[in-house]
1. Go over the candidates 246, 271, 267 one by one and state the one that is under 31 Å from the mean Cα position of the chain (by Cα) and within 21 Å of residue 206 (Cα to Cα).
2. Which ones in segment 30-87 are part of a strand (DSSP E or B), open to solvent by 90 Å² or more (accessible area, probe 1.4 Å) and closer than 30 Å to residue 2 by Cβ?
3. Which of the residues spanning segment 88-108 are open to solvent by 40 Å² or more (accessible area, probe 1.4 Å), part of a helix (DSSP H, G or I) and out of contact with any Pro (no Cβ under 7 Å at 6 or more places or on another chain)?
4. Which one of these is farther than 30 Å from residue 10 by Cβ, open to solvent by less than 80 Å² (accessible area, probe 1.4 Å) and either touching a helix residue (DSSP H, G or I) at 6+ places or on another chain (Cβ under 8 Å) or not in a helix (DSSP H, G or I) (or both): 274, 254, 237?
5. Can you tell me which residue is surrounded by the fewest Cβ atoms within 10 Å (Cβ to Cβ) among those in segment 147-170 that are on the phi < 0 side of the Ramachandran plot and touching a Pro at 6+ places or on another chain (Cβ under 6 Å)?
6. Could you list all residues from segment 204-233 that are open to solvent by 80 Å² or more (accessible area, probe 1.4 Å) and either closer than 20 Å to residue 177 by Cα or not in a loop (DSSP other than H, G, I, E, B) (or both)?
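The values are calculated or read from the model by the stated rules, or taken from the named source; none is laboratory data. On a predicted model such as this, the values are computed, not experimentally measured, just so you know. Here the Cβ is made from the backbone with ideal geometry for all residues, glycine too, and neighbour counts use every protein chain on show. With ligands, DNA and RNA removed, areas are computed over all heavy atoms of the protein, side chains included. Shrake-Rupley method; radii C 1.70, N 1.55, O 1.52, S 1.80 Å.
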Amino acid sequence: VIACARSADAILIVLDAGKEGLNRHREILENELQTVGIRLNERPPDVTFNKKAGGGVRFASTVPLTKLGPDPQKLATAIMREYRITSADLLAREDISVDQLVDVIVGNRVYKPCCYFYNKIDTITVEEVDQLARMPHSLVGSVVKKYNIREPLEDDPLKAMLWEYLGLTRIYTKRKGQQPDLNEPVVLSAIRKGTTVKALCQNVSSQMLRDFNFAMVWGKSSKHSPQRCGVNHPLEDEDVVQVVTKTNAQQRQDKNYGAMVQGFSDKYHKKKFDAKKKKQGKLRR
């Protein structure tokens with residue numbers, strides 16, 4: 001279970017609303033995940049940490065550090081020595097705590113978005129439902145009564161919450177001179193590769209990114225329709241994108257064109273040689 005949680009994009013914890021006030025399962029699960037290095041609904045500290053072979057510890061910060069005591073450098077050096085680190089560069093760009101500093105030094109922490117779904121609210125009072133609903137990152141509902149959770153193919157608040165926490169974005173593709181394909185969008189994730197034009201090309205084909213020239217974008221992310229954009233343009237939900245690749249003349253001007261052609265040639269001849277060798281093996285039989 002822990003390995004699955006560490007590799008997941010987001011975590012959904014389903015709790016029994018009728019027993020939460022007595023058993024406090026949410027607090028228990030949060031403490032268990034905190035112990036194994038999973039940070040829920042937190043972002044990584046804005047700290048740069050690099051180990052070195054020698055030279056000692058160099059500590060710097062761009063903001064006042066109020067949570068590390070009167071001498072932050074001395075405290076950071078002492079923590080590093082506890083983990084047998086004698087030489088490193090550390091730059092803090094935000095006011096971090098001791099726990100955050102330890103997380104940066106250890107380096108094996110993962111940060112996951114997490115939402116909590118309280119089931120069986122039909123078994124508790126309205127006051128208790130209101131108290132659970134006001135808790136952060138929480139949603140109340142009932143599977144039996146179909147409240148806030150419906151059939152798999154129906155929209156409901158729980159699916160909308162998971163969609164938001166996963167950072168998913170639907171992008172529709174379009175060919176030149178044709179209508180956009182609104183039936184099968186390309187779904188991008190802000191947690192994985194991002195939601196830029198570059199991420200869209202990587203999801204469709206690596207060759208598309210290699211031959212990328214520019215993109216025409218229609219939708220909320222464009223200042224005008226269409227807008228000519230590069231690979232770093234951020235996309236928003238339900239944008240329409242047309243990727244224009246380089247022409248043959250533009251590809252010949254690329255400095256890597258010779259290596260690319262040689263790679264294609266080697267791949268073709270290897271495939272041809274393997275087919276010939278396979279055919280000769282069949283004839284000998």
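1. Unique residue meeting the criteria: 246.
2. Across segment 30-87, the qualifying residue is only 51.
3. Scanning segment 88-108 gives 98, 99, 106.
4. Result: 254 is the single residue among 274, 254, 237 that is farther than 30 Å from residue 10 by Cβ, open to solvent by less than 80 Å² (accessible area, probe 1.4 Å) and either touching a helix residue (DSSP H, G or I) at 6+ places or on another chain (Cβ under 8 Å) or not in a helix (DSSP H, G or I) (or both).
5. 170
6. 206, 207, 210, 224, 225, 228
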